[in-house]
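The structure appears below as structure tokens.
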Amino acid sequence: MPIQPLLDAGTAAANMAEIKPPYTPQEALIEANRCLFCFDAPCIMACPTGIDIPSFIKKIANGNLTGSARTILTSNVLGASCARVCPTEVLCEGACVVLDLEGDPVKIGRLQRHATDHVYENGIEVLHAPAEKNGRSVAVLGAGPAGLGCAAELAQLGYGVTVFDKKPEGGGLNTYGIAYYKMRPEISIEEVRMIGRLGVEFRYDTAVGRDISVADLERDFDALFLGLGLGGANRLGIPGEDLPEVVDALDFIEWIRTRPLQDVPVGRRVAVLGCGNTAIDAVTQSKRLGADTSTIIYRRGEEDMPAYHFEYDLAKADGAGFLFHTIPLEVLGENGHVKALRLAKTEVRDGKVSVVPGSEWIEPFDLILKAVGQEKQTELFTSLFPGLKLDRKGRVEHDPATMQTSLPKLFVGGDCANGGREVVNAVAEGRKAARGIHAMLGGGSVSGPVQPSRHGASDGAVGSGFNNPIRVPELLAAMSK
Ligand code: SF4
């Protein structure tokens, strides 16, 4: 049977409500005053973008939310989305000294959200590009977190920046690939618009190599930034994989983010293959959209799973099932639709997984979500950029200090450089690449925030804010093109 939506609009919306709602002003004040404002604060060291965390928390404690947001956004232009999607438990909050003292860290992520929401909701611009551009221009390939980090930094350094992306909207994973209950897509879209107001031009529905050639880009721009991330899900390589209800988990998450929640089809019995953080996002959301059962199937043991433990706890709380030491051998179909998986138990010896002979069984499922990692885009990159060096894992080789690749005019950042890390790593690499480009083009080195200091400045209501109800329909209309 084809899969169908299972819930009415009200139930779906309630089930997908944010798991970390915003602080009230009083809650934020109380939380900010738990901070010890450490000298040489370990939380700063743990943040890939190096946000001055005690400084922004101090400003919240003093009631200066605009100044707090400025401190955040000058280091991390995607501070609003990172406040929601960063694994703070293992980054800044994991390093917080209050965690050792009280067993509960300062909630840095939620405070960061409190400050950044203030400027978006009130249309306050805290970042500015110079009125006069410097006459140089850069093409940014990919409007995901790395591309946006690079573009925003370059714009503030005075460059003309054009971002190309094959999707109808920017934001990359933040717009299309994050669990809905962590962040709504309009948060990411609003961040992209803020970067647009820095003077960055966005050309959507434009794939490099298809709609515009690299030769044209090299002719028209002084430097290029490659931030195209990873490709589609790895193939399983088992019979039945091409049945229609075998779906890339990231595609399933994109359905959730680009359609009304009550229109998202989901199976009654869902299998999620893999056990990373994308698998957790898929299993929890399928349960929240009405699946009777949703089960992670992982060929290794619980102790080996790559998902963060707090994500694992969330999935268990949502009623997800787990089949460890289990491998799919075949997707079984009936009348052209998924009916079941043929599974087998595994054992791990010397790190290698093998099937236990005679352990096979059949388990009924009607939706199979693949979360077994994404392909590297090695063929695309080497065809677009002949001579570009890749490492043995398919990542683009680069100078870690500048993000410059083996091709002098081409810089790189994000998943295609690091193989797949967090959003915040991609933003940091994009920013670093922007500074590498600036140095390569003779602009010299830049350290610390490049943002001109405009303490207390507010330029009025140019942003539309997170709560503008027109944005979701706009997004949906754009995506249905
Ligand atoms: Fe505040 Fe914790 Fe950072 Fe210290 S480590 S400055 S207490 S958030």
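In this rough spin-label picture, where each label sits 7 Å from Cα along the Cβ direction, the Asn62-Phe310 distance is 2.8 nm.
Considering only alpha-carbon pairs that sit under 8 angstrom and 6 or more positions apart, the relative contact order computed for region 265-370 is 30 percent.
I need the shape label for region 265-370. Rule: rounded when a/c is under 1.5, else prolate if a/b > b/c, else oblate, with a, b, c from the alpha carbon gyration tensor. Mind dumping the intermediate values first?
Numbers: a/c = 2.38, a/b = 1.07, b/c = 2.24.
Judged from the Cα gyration tensor, region 265-370 comes out oblate (a/c at least 1.5, b/c at or above a/b).
Per residue, region 265-370 exposes 42 Å² of accessible surface when a 1.4 Å probe is rolled over the protein heavy atoms with every protein chain present.
With helices as the sole contributors, the chain gives -10000 deg cm²/dmol at 222 nm; each DSSP H run of n ≥ 4 counts as -39500 (n - 2.57), and the sum is divided by every residue. With loop membership from DSSP and a limit of 15 other Cβ atoms within 10 Å, the longest segment of the chain without GluC sites (Glu not before Pro) is 242-359. Spatial offset of region 244-276 relative to region 85-114 amounts to 31 Å, using the alpha carbon center of each. Applying both filters, DSSP loop and at most 15 other Cβ atoms within 10 Å, to the chymotrypsin sites (Phe, Trp or Tyr not before Pro) of region 1-89 gives Phe37, Phe39. Partner lysines whose Cα lies under 17 Å from the Cα of Lys409, excluding those fewer than 8 positions away in the same chain, are identified as Lys389, Lys432. Relative contact order of the chain: 20 percent, from C-alpha pairs under 8 Å at least 6 residues apart in sequence. Apolar share of the accessible surface for the chain: 51 percent from carbon plus sulfur atoms, 1.4 Å probe. In this structure the amide hydrogen of Glu330, modeled in the peptide plane, comes within under 5 Å of the amide hydrogens of Arg342, none closer than 5 places in sequence on its chain. Quick one: grab the alpha carbon gyration tensor of the chain, order the square roots of its eigenvalues as a ≥ b ≥ c, and give me rounded if a/c is under 1.5, else prolate or oblate depending on whether a/b is larger than b/c. Prolate, since a/c reaches 1.5 and a/b exceeds b/c.
In this view, the solvent-accessible surface of Thr66, computed with a 1.4 Å probe and all protein chains in place, comes to about 20 Å².
The values are calculated or read from the model by the stated rules, or taken from the named source; none is laboratory data. Since this is a predicted model, take the numbers as computed values, not measurements. So basically every Cβ, Gly included, is an ideal-geometry build from the backbone, and we count neighbours across all protein chains shown. Protein only, heavy atoms only, side chains kept; ligands, DNA and RNA dropped before computing areas. Shrake-Rupley method; radii C 1.70, N 1.55, O 1.52, S 1.80 Å.
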